[in-house]
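The values are calculated or read from the model by the stated rules, or taken from the named source; none is laboratory data. The structure displayed is predicted, hence computed values, not measured ones. Every residue, glycine among them, receives a Cβ derived from its backbone with ideal geometry; neighbour counts consider all protein chains shown. These area figures cover heavy atoms from the full protein model, side chains too; ligands, DNA and RNA do not enter into them. Shrake-Rupley method; radii C 1.70, N 1.55, O 1.52, S 1.80 Å.
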Amino acid sequence: MLTLAEIRAVPKVLLHDHLDGGLRPQTVLELAGETGYRDLPGDNVEELTRRLTEGAHRGHLEVYLDAFRHTVAVMQTPDALRRVAAECAEDLAADGVVYAEVRFAPELHTERGLSLDQVVEAVLEGFARGSANAVRQGRGITVYALLTAMRTAARSLEIAELAVRHRDEGVVGFDIAGAEAGWPPSRHLDAFQYLKRENFHITIHAGEAFGLPSIWEAVQWCGTERLGHGVRIVDDIEISPEGAVRLGRLAAYIRDRRIPLEMCPTSNVQTGAAASIAVHPIRVLRQLSFRVTVNTDNRLMSQVTLSSEFHRLAEEFGYGWPDIEWLTVNAMKSAFAGFDERLRLINTVIKPGFATARALSDAVVPVSMLGPRHTG
């Protein structure tokens, strides 16, 4: 069985991670003090962490999302945004992530007068600073931004234009998120049509809290390239008691077209999209060769890292290095970085990293058993 430390050491790729869902609790406390925010549900790291994560155990997306009002509230100044983004890059690099696309909704960070452009500029500066710090600590990482529009608001075209405006500075895609039921992606068609005219990348939260119609609209009406979560695609797959599998037309289309699924196992259980890790659709979807990827969603609220997500799957499903490498290469193939960059990372970072991990695991005496090395 692979250990968490072994998984942390291999190069990993993260496509679905929310900036406002991954703050360090100590940072939340300090930023609240600096910005005068008085409504935190705790005044120490332990209590604050408990209160911000308790919604993750209630089995409903809207309850899960309630904690974000506190993290968003302390991310309203350029300094706060830069700090949070820098720490995000540093924390991901420390977990062995070599490529990440981190999403945030600029419209949620303008309560103290920042313009949308100022919000984006501050976050991109933070990513650059954090990535540089990680390199100095011996951990290389590339972090790009995805700009999210709230599906319950009416600013999606404005956010789409903002994303395209900053496409050469580190923004690589556009997303819509928020309460899914009753807010179909087709409400934002003008934004998606604009993005397609601009040859820009699209991912859409769909198939998490709502079912197949949400996925169908995201793919066929809005032209999404990836599905945020996409868990409910399993509703279009029939498996007989004898194990015979029949894919419905939508599921078959998504598999045939290699549309990536940005799956977040722990979060999916916490929001009620899956009953447990043991019955999470990721297992059957991986067996059926869908373009599955593994992600964190919200590292603070869900109390996860990308390494811990892989470790949980290894424990539950017996995944080994071939499975984790397959999922990682899937993610890199599905990234919004340019083709040359994706190919370079796969061939010069990801595959060599996993080859080294396999060699260490296959050693006659596993390296983990040797203890500290002594010289002299």
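Convex hull volume of the Cα atoms of the chain, normalised per residue: 152 Å³. Translational diffusion of the stretch 132-274 was estimated from the Stokes-Einstein equation, with Rh taken as the Kirkwood radius over Cα pairs; at 25 °C and 0.890 mPa s the coefficient is 150 µm²/s. Each DSSP beta bridge with both residues in the chain is either parallel or antiparallel, and the antiparallel ones are about 10%. A helix-only calculation puts the chain at -12500 deg cm²/dmol for mean residue ellipticity at 222 nm, using -39500 (n - 2.57) for each DSSP H run of at least four residues, averaged over all residues. As a rough guide to protection, the peptides 45-54, 71-80 ranked by mean Cβ packing within 10 Å, highest first, stand as 71-80, 45-54.
Peptides 259-266, 129-136 ordered by packing proxy, namely the average of other Cβ atoms within 10 Å per residue, highest first: 259-266, 129-136. Packing-based ranking of 294-303, 335-344 yields 294-303, 335-344, ordered from highest to lowest mean Cβ neighbour count within 10 Å.
Think of a 1.4 Å ball rolled over the protein heavy atoms: the chain then has 42 Å² of accessible area per residue. With contacts taken as Cα pairs under 8 Å at a separation of at least 6 residues, the chain carries a relative contact order of 19 percent. May I ask for the percentage of alpha-carbon pairs in the stretch 76-158 that lie more than 18 Å from each other? Percent of Cα pairs beyond 18 Å in the stretch 76-158: 42.
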